[in-house]
There are 2 protein chains.
Amino acid sequence: MSDLYPSRLERESIIDRVDPTVYSDVSVGEYSMDNISRSEYEDNGYIVFPNIFSEDEVTEMLNELKYMASNEDLIKNEEFITEPQSNQLRTIFNQHLFSTLFNKISKDSRILDKVKQLLGSDVYIHHSRINIKPAYKGKSFPWHSDFETWHCEDGLPRCRCLTAWIMLTDNTEFNGPLYLIPGSHKKYISCKGFTPEDNYKNSLKKQEYGVPSINAIKELTKKNDLIGAYGKAGTLVIHDGNVMHGSPDNISPESRTNAFFVFNSVENKPQKPFGASKNRAEFLCLKDFKPL
Amino acid sequence: MSDLYPSRLERESIIDRVDPTVYSDVSVGEYSMDNISRSEYEDNGYIVFPNIFSEDEVTEMLNELKYMASNEDLIKNEEFITEPQSNQLRTIFNQHLFSTLFNKISKDSRILDKVKQLLGSDVYIHHSRINIKPAYKGKSFPWHSDFETWHCEDGLPRCRCLTAWIMLTDNTEFNGPLYLIPGSHKKYISCKGFTPEDNYKNSLKKQEYGVPSINAIKELTKKNDLIGAYGKAGTLVIHDGNVMHGSPDNISPESRTNAFFVFNSVENKPQKPFGASKNRAEFLCLKDFKPL
């Protein structure tokens with residue numbers, strides 16, 4: 001299969017996105033998006049829906065997370081990742097496989113009706129994760145396109161994938177929120193640097209490959225200024241797989257915790273990695289293609 | 001002389017500020033502050049004045065900085081500090097002594113009329129500095145009270161000092177702006193940890209002593225949420241010596257550059273350091289007490 005999105009090469013370049021952002025305008029359920037929302041998503045590469053999950057639902061999810069983080073058997077799994085310079089939990093992967101509650105959330109119509117519509121097909125979960133950016137010392141995450149990694153290291157051939165995520169705490173301008181570059185999903189940054197073997201073991205702690213240069217970020221922000229994805233706990237955000245984003249460190253006294261679910265179209269199943277010699281760990285590239 | 005603000009001890013504690021914040025309500029010139037501004041400063045420990053310096057003035061200052069940063073003889077001075085992990089210029093100390101332009105700015109009535117009024121006396125410069133937080137990779141600065149360091153390591157006995165600073169670039173929510181805790185200047189965090197010898201050589205790159213714990217920051221933010229000091233280039237900010245502040249890293253594509261001038265009351269000349277075995281370098285604690 002030809003590679004429409006080459007990356008991890010000798011030099012950086014900026015190429016056009018080949019794929020659509022919105023694959024269908026057909027409503028697939030009560031919670032699908034209206035024309036205005038779809039058009040906003042198409043233009044910006046992300047959309048924020050406040051007040052989707054109630055306070056009670058958020059509390060339930062936080063309690064579930066607390067339970068998982070304190071379960072000594074669970075945290076031995078490789079899906080549980082710690083901060084670069086400490087043993088504090090930074091990420092849990094595939095919470096939907098470890099928890100009945102998060103499994104239910106991953107199939108919630110408030111999410112799936114939008115996701116299936118945007119991707120214009122049935123979908124499955126490529127992976128999911130909960131990111132905890134601890135108060136006072138949570139580290140920044142460099143600029144990246146998720147899809148660049150999923151393409152190069154997991155073999156997703158086309159950009160027909162996205163992330164739907166739920167704020168489990170308030171995301172403010174102070175606690176290390178996601179910064180996004182509106183419209184950046186229409187360009188693909190072909191990144192410099194050949195992927196080292198087993199790169200993911202380091203990149204889950206600190207990403208160094210698939211990170212655009214400052215010049216690429218400057219180019220992408222020529223048309224649009226950065227925005228911060230801010231909102232109260234319970235807010236739902238959907239962002240395109242290729243939208244450029246990163247996040248600063250969190251020196252504030254409030255932790256920032258978000259639950260991410262990566263959906264891929266069943267028409268876009270992973271092939272061999274396009275920019276790495278072998279696949280990442282299985283938990284990062286799930287193979288349960290049964291439509292949700 | 002008794003120590004009203006003990007710090008760098010075996011354990012952290014929070015004590016009350018003994019000194020006033022505003023020492024005088026008498027106008028000392030055309031640019032003094034009105035009652036409302038003084039009261040805001042008294043309550044919050046800082047105040048932001050937009051549009052004080054014109055675009056032309058800012059350009060002139062930036063050109064002067066560029067000249068200083070590129071002058072190979074100048075940058076050999078110990079007043080020129082680089083980033084922890086690179087040789088990129090992070091800070092120039094005492095720009096008012098290296099540059100006629102910044103010397104003139106340091107005596108500008110738009111600043112001095114306010115400063116003399118707030119400190120209720122003649123003033124001199126304890127030190128000045130220009131901080132450059134480079135785009136994409138500028139590092140965060142941990143929470144601290146300036147006065148805690150000036151008291152412990154320079155011997156300023158009372159909190160009768162402040163910083164007036166000029167934004168030389170826009171300071172946005174994205175480029176590593178100063179976060180302040182309004183009202184925090186009324187409490188003094190007596191910090192844990194005995195000051196090591198020659199601490200300043202490391203602390204100018206990465207402060208590790210005089211940094212409050214997360215619990216202290218939580219306590220200080222109980223009454224007031226964080227604020228970010230945002231503004232266009234040309235904005236003037238005055239913040240009390242003891243207001244708690246810090247700043248996150250700068251992952252944005254825009255550098256953040258500010259010129260700080262630390263003013264101390266001539267009634268508050270430095271004694272022996274209160275929390276260190278010897279003085280910091282002379283350039284950090286200037287002894288030219290001639291009133292400005």
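From the list B:K187, B:K222, B:K206, B:K192, pick out the single residue that is closer than 26 Å to A:F174 by Cα, within 14 Å of chain A (Cβ to nearest Cβ) and over 16 Å from the mean Cα position of the chain (by Cα).
Result of the check over B:K187, B:K222, B:K206, B:K192: B:K222.
Got a number for residues in the range A:260-278 being more than 15 Å from the chain's Cα centre (by Cα) and β-branched (V, I, T)?
Residues flagged as more than 15 Å from the chain's Cα centre (by Cα) and β-branched (V, I, T) within the range A:260-278 amount to 1.
Give just the number: which of (1) within 14 Å of chain B (Cβ to nearest Cβ); (2) within 18 Å of the chain's Cα centre (by Cα) does A:I214 not satisfy?
Among (1) within 14 Å of chain B (Cβ to nearest Cβ); (2) within 18 Å of the chain's Cα centre (by Cα), the lone unmet condition for A:I214 is (2).
Considering (1) modelled with pLDDT of 95 or more; (2) part of a loop (DSSP other than H, G, I, E, B), say which one B:Y136 fails and leave the rest.
Only one criterion is unmet by B:Y136, namely (1).
For the range A:228-265, enumerate the residues that are facing chain B (nearest Cβ under 9 Å), in contact with a strand residue (DSSP E or B) (Cβ under 8 Å, 6 or more places away or on another chain) and not acidic (D, E).
Passing the criteria: A:G228, A:G246, A:S247, A:P248, A:N250, A:I251, A:S252.
I'm trying to understand the selection: among the residues of the range A:279-292, which are under 18 Å from the mean Cα position of the chain (by Cα) and not aliphatic (A, V, I, L, M)?
A:R280, A:E282, A:F283, A:C285, A:K287
Among the residues of the range A:41-84, which ones are assigned to a strand (DSSP E or B) and at pLDDT below 95?
A:F80, A:I81, A:T82
Could we say that B:N202 is part of a helix (DSSP H, G or I), modelled with pLDDT of 95 or more, of a type in the set (S, T, N, Q) and surrounded by fewer than 24 Cβ atoms within 10 Å (Cβ to Cβ) here?
No.
Contact list please: Cβ distance under 6 Å, first residue in the range B:158-178 and without any contact (Cβ under 8 Å) to a residue 12 or more places away in the chain and within 14 Å of chain A (Cβ to nearest Cβ), second residue in a loop (DSSP other than H, G, I, E, B) and surrounded by fewer than 23 Cβ atoms within 10 Å (Cβ to Cβ), pairs at least six apart or on different chains.
Taking only residues 6 or more apart or on different chains, not a single pair turns up.
Read through the list (1) more than 19 Å from the chain's Cα centre (by Cα); (2) surrounded by 18 or more Cβ atoms within 10 Å (Cβ to Cβ), then give the number of the only condition that A:I52 fails.
It fails just one condition, (1).
With A:S99, A:S106, A:S70 as the choices, which residue is of a type in the set (G, A, S) and touching a residue at least 40 places away in the same chain (Cβ under 8 Å)?
Step by step, each of A:S99, A:S106, A:S70 is checked, and only A:S106 is of a type in the set (G, A, S) and touching a residue at least 40 places away in the same chain (Cβ under 8 Å).
Filter the range A:142-157 down to the residues that are within 11 Å of chain B (Cβ to nearest Cβ) and in contact with an Asp or Glu (Cβ under 9 Å, 6 or more places away or on another chain) and list them by number.
The answer is A:P142, and nothing else.
Given (1) β-branched (V, I, T); (2) within 14 Å of the chain's Cα centre (by Cα); (3) part of a strand (DSSP E or B), where does A:T149 come up short, assuming only one miss?
Going through (1) β-branched (V, I, T); (2) within 14 Å of the chain's Cα centre (by Cα); (3) part of a strand (DSSP E or B) one by one, A:T149 breaks only (3).
Could you check how many residues of the range A:39-52 are at negative phi and touching a strand residue (DSSP E or B) at 6+ places or on another chain (Cβ under 6 Å)?
So in the range A:39-52, the residues at negative phi come out as A:39-44, A:46-50, A:52.
Then drop every residue that is not touching a strand residue (DSSP E or B) at 6+ places or on another chain (Cβ under 6 Å), which leaves A:40-41, A:46-50, A:52.
Total meeting the criteria: 8.
When you scan the range A:239-253, do you find a residue that is β-branched (V, I, T), in contact with a helix residue (DSSP H, G or I) (Cβ under 8 Å, 6 or more places away or on another chain), surrounded by 19 or more Cβ atoms within 10 Å (Cβ to Cβ) and modelled with pLDDT of 95 or more, even just one?
yes
Mind checking which residues of the range A:1-15 are within 24 Å of A:K269 (Cβ to Cβ) and either touching a residue at least 40 places away in the same chain (Cβ under 8 Å) or touching a Lys or Arg at 6+ places or on another chain (Cβ under 9 Å) (or both)?
A:M1, A:D3, A:L4, A:Y5, A:P6, A:S7, A:R8, A:I15
The values are calculated or read from the model by the stated rules, or taken from the named source; none is laboratory data. Every value quoted in this text rests on a predicted model; they were computed, and no experiment measured them. Glycine also receives a Cβ, built like all others from the backbone with ideal geometry; neighbour counts cover every protein chain displayed.
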